[in-house]
Every structure is written in C-alpha cells, then in structure tokens.
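The block underneath contains the structure these notes are about, expressed in structure tokens.
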Amino acid sequence: MKKINVITIDGPSASGKGALARGIANSMGFNILDSGVLYRLYAYLSNMNKSSDEIATQIQKHAVFKKSKEKLSVIYKNNDVSSELRSEIIAKSASDHSSKKEVRDALFNIQRSFYNGNGLVADGRDMGTVVFKDAKLKIFLTASPKERAKRRYIELQNLGQEVNMPALIADIEKRDIKDSSRELSPLLPAEDAHIIDSSDMTLDEVFSFTENLIKKEFI
C-alpha cells in the first residue's frame, strides 16, 4: 500500500488529540481534519429531518473549517457555531450518530477530501484504522479517565458551561466502553500505530515526542 502524507491521531475523548493535531498542523504547514467536530456538526444539523446523505451535502455546501493557532472554528452558513458544537448534549448526540453505518458512510468521502496531497493531520476515533489506512504516521493518544475529565472540565468551564466532575468522569468511562465495544469502527489503535499515554505528560512533552516520530517518517 502506498503511504500518503497523512498523520492520524486517534484516541478517546479529551485525550488531547485536538491540541496536538493543531500544533503539528501549524508546525508542518499541513491541513487539519477534526473528525469529532465533523460528527458534532452532523449531530447539530440532524434535526433538519433529512437523510444522512442530504445532511452531508449541506455540510459540503455550507460548512467552512477555519484553523488558527489556538483553535478550530466551524462556520455554517456564515454563522460561527463552534461553541454550540462543544456542548455535552451535542457530544452525546454525535457519539450516538457515529455508531450508525449510514452516517459514517455519508461522512467518509468528506473526511478523505480534507487531504489535498500536500499533507494532513487527521484526529478522531478511526482515522488510522478506517479512513486513512494509508497514512504515513499513525498515533493513538490516550490518558486516564480522571485526567481526561479534568481537561474536559476546564474546557467546558472556559465555555461558561456548568459541569459536575464525578458525572463527567462517569460519562467519559461510559463513552469509552461504548466507543471501544461497538461493532462499527470501534475505538482501537491501528496495528501500526504508536501508542502515547499522556496522563503524566504536558502538551509540550507530547508534541516533542511526536516530533521525533515525524522526523523518522517525513524528514
């Protein structure tokens, strides 16, 4: 299989995939795909009473994903819906939708279209196992449920949302079991993935470790 210039970062919720992906994309000048945001946007639009393919078409026509050093913004029909997509309600809805074959099939080609031939960092649950099996470098980033709940707590607080830490830990653990045991695209590291446990690592440490992996594959 011919390898393409894609770095996949898979892993459970709140493991730091997004921050790592942005850091790599900014450093390498690569495009970025946050597949979780894509599924959240699908969930956000799911009340349109349209089929999966029709919602996917609406995303292709009207959604713009803007990357900055600090964050990834989602503009839908000229409205910034980024904050709405970060709510726990949308997160749970996205998780439910992502387990459906028709939804995954509808979004597959959109995800592949983010690769323009120059370079892409793709983060999600099945980037290295399903969407970009031909990626040059695959990373599986994880952390303990308690540490991930702590990170998610801070993120939600910064968005002005009320959160309960014990409930957040329980929800993350429940989502982990659901994501890893589902029949369709379960959350598992690719056979050729580098597994990084970031529980006791800072983002800078994770980025430095990943940079060394990139040098071996891309330079």
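Would you please name the residue that is farthest from the chain's Cα centre (by Cα), looking only at residues in segment 126-139 that are part of a strand (DSSP E or B) and surrounded by fewer than 23 Cβ atoms within 10 Å (Cβ to Cβ)? Across segment 126-139, the extreme among qualifying residues is 136.
Annotation note: Cβ proximity below 8 Å between a residue of segment 35-52 that is within 14 Å of residue 110 (Cβ to Cβ) and a residue that is crowded, with 22+ Cβ neighbours inside 10 Å and among the basic types (Lys, Arg) (sequence gap 6+ or interchain) occurs for 35/125; 36/17; 36/125. Being more than 14 Å from the chain's Cα centre (by Cα), within 26 Å of residue 63 (Cβ to Cβ) and of a type in the set (D, E, K, R) holds for only one residue in 162, 191, 155, and it is 155.
Residues in segment 29-47 that are farther than 24 Å from residue 58 by Cα and crowded, with 18+ Cβ neighbours inside 10 Å: 30 alone.
Counting just the residues of segment 167-193 that are touching an Asp or Glu at 6+ places or on another chain (Cβ under 9 Å) and crowded, with 17+ Cβ neighbours inside 10 Å, which one comes out nearest to residue 70 (Cα to Cα)? The extreme case among them is 168.
Selection of first residues in segment 177-189 that are touching a residue at least 24 places away in the same chain (Cβ under 8 Å) and of second residues that are outside any loop (DSSP other than H, G, I, E, B) and basic (Lys, Arg), restricted to Cβ pairs under 7 Å at least 6 apart or on distinct chains, gives the following pairs, ordered by first then second residue: 184/101; 184/104; 185/104.
Out of the residues in segment 97-112 that are of a type in the set (D, E, K, R) and part of a helix (DSSP H, G or I), which is farthest from residue 50 (Cα to Cα)? It comes out as 112.
Give segment 166-219 a look and list any residue that's assigned to a strand (DSSP E or B) and among the acidic types (Asp, Glu), or say none.
197
Of all residues in segment 194-206, those that are touching a residue at least 12 places away in the same chain (Cβ under 8 Å) and surrounded by 12 or more Cβ atoms within 10 Å (Cβ to Cβ) have Cβ atoms under 6 Å from Cβ atoms of residues that are of a type in the set (Asp, Glu) and part of a helix (DSSP H, G or I), 6 or more apart or on another chain, in 199/147. Among the residues of segment 38-50, not a single one is part of a strand (DSSP E or B), touching a Leu at 6+ places or on another chain (Cβ under 9 Å) and over 19 Å from residue 159 (Cα atoms). The residue pairs whose first member lies in segment 82-96 and is assigned to a loop (DSSP other than H, G, I, E, B), whose second member is of a type outside the set (D, E, K, R), and whose beta carbons are closer than 7 Å, counting only pairs six or more residues apart or on different chains, are 86/159; 87/161. Here residue 65 fulfils each of the conditions (1) part of a strand (DSSP E or B); (2) touching a residue at least 60 places away in the same chain (Cβ under 8 Å); (3) of a type in the set (Phe, Trp, Tyr) apart from (2). Selection within segment 105-150: residues that are of a type in the set (A, V, I, L, M, F, W, C) and out of contact with any strand residue (DSSP E or B) (no Cβ under 8 Å at 6 or more places or on another chain). The member of this set that is farthest from residue 20 (Cα to Cα) is 106.
The numbers here are math on the coordinates, done by the rules we state, and not lab data. Predicted model only: the values in this text are computed from it and were never measured. Counting neighbours? That spans all protein chains shown, and the Cβs are built from the backbone with ideal geometry, glycine included.
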